[in-house]
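Comments concern the structure below.
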Amino acid sequence: MIITDTESADIDTPTGLMRTYLFRPVAEGRYPGLVLFSEIFQVTGPIRRIAAMLASHGFVVAAPEIYHELEPAGTVLAYDEAGAERGNRHKTTKTLSSYDGDARAALDCLRSSPHCTGKLGVMGICIGGHLAFRAAMQPDVLATTCFYATDIHKRSLCEGMRDNSLDRIREITGELLMIWGRQDPHIPREGRALIYNALSDAGTHFQWHEFNNAHAFLRDEGPRYDPATAQICYVMALELFTRKLGEGDRRTIA
């Protein structure tokens, strides 16, 4: 589908306005909604291209700036050492309540959109995978895809580096798709096993896939990008979202 990718909205949250970028098909009708949580670098070129890809398959996609209260609207951190240091510092400056408030605000933005059916899913990458994991605890989230979600096993998201994501797994009622890289130093085998066992013990409805890739293999910039694996992962994510959220009611012209 042809999409529009030039829209944005400043959404009200408990910690201020959150710049959110919107991607949707141009064809009239209503489509399922997806919140896309970025890496620590915010809404970069690779994140925008992922959002555009999802929208082109018939979804309204909202990509919020995850550090909106810490950076001016429109800030994109560079894929370099300075950008990584800044993004990682912000990661443990925010509170859990602010992360959760942002997720609820983005979901509500989609739900209220005239372009959305009200069926909601979430996807996230790196820290965004962890944020998607937490957003899955919202009762109206029907499907969630997490790419190499960082810090779940270490409980180190947020101010104080003591989050409760593992403790709240039973609040996840939708279906999860968890995707990992076996050579990812940020989530070692022991960490992945801890998460897998917690999901299994909680009776969560989830899929689990591991690939022989390093961290950031989905990002289409840099030496770790693996296009073949990325394509497989996109097919799995789109299958989940289409199956759980439906295809909307796009209007066709006779």
*Which residues, taken from the range 175-204, are among the small types (G, A, S) and out of contact with any helix residue (DSSP H, G or I) (no Cβ under 7 Å at 6 or more places or on another chain)?*
G181, G191, A193, S200, G203
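Using the structure shown, decide if P223 is more than 18 Å from the chain's Cα centre (by Cα) and without any contact (Cβ under 8 Å) to a residue 24 or more places away in the chain.
Yes.
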*Look through L17, L34 and report the one residue that is among the aliphatic types (A, V, I, L, M) and closer than 23 Å to K244 by Cα.*
L34
*What residue, of V60, V26, is closer than 20 Å to L120 by Cα, of a type in the set (V, I, T) and touching a residue at least 40 places away in the same chain (Cβ under 8 Å)?*
V60
*Return yes or no: is V235 touching a helix residue (DSSP H, G or I) at 6+ places or on another chain (Cβ under 8 Å) and either surrounded by fewer than 17 Cβ atoms within 10 Å (Cβ to Cβ) or of a type outside the set (G, A, S) (or both)?*
no
_Conditions first: (1) touching a residue at least 40 places away in the same chain (Cβ under 8 Å); (2) surrounded by fewer than 14 Cβ atoms within 10 Å (Cβ to Cβ); (3) more than 20 Å from the chain's Cα centre (by Cα). R189 passes all but one, so which condition is the exception?_
(1)
*Looking only at the range 226-242, which residues are touching a residue at least 24 places away in the same chain (Cβ under 8 Å) and not polar (S, T, N, Q)?*
C233, Y234, M236, A237, L238, L240, F241
_Pull out all pairs, ordered by first then second residue, where Cβ-Cβ is under 8 Å, the residues are six or more apart or on different chains, the first lies in the range 1-21 and is surrounded by fewer than 19 Cβ atoms within 10 Å (Cβ to Cβ), and the second is aromatic (F, W, Y)._
T4/F23; D5/Y21; D5/F23; E7/Y21; E7/F23; S8/Y21
_Quick check on my filter: what residues within the range 10-53 are in contact with a Ser or Thr (Cβ under 7 Å, 6 or more places away or on another chain), of a type in the set (A, V, I, L, M) and more than 18 Å from H215 (Cα to Cα)?_
I11, L22, V26
*asked:* Residues to consider are G203, G222, G248; find the one that is surrounded by 12 or more Cβ atoms within 10 Å (Cβ to Cβ), outside any helix (DSSP H, G or I), at positive phi and not aliphatic (A, V, I, L, M).
replied: G248
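Only the coordinates and a few stated rules stand behind these numbers; no lab work does. All values derive from a computational prediction rather than experimental measurement. Cβ: placed from backbone, ideal geometry, glycine included. Neighbour counts: every protein chain shown.
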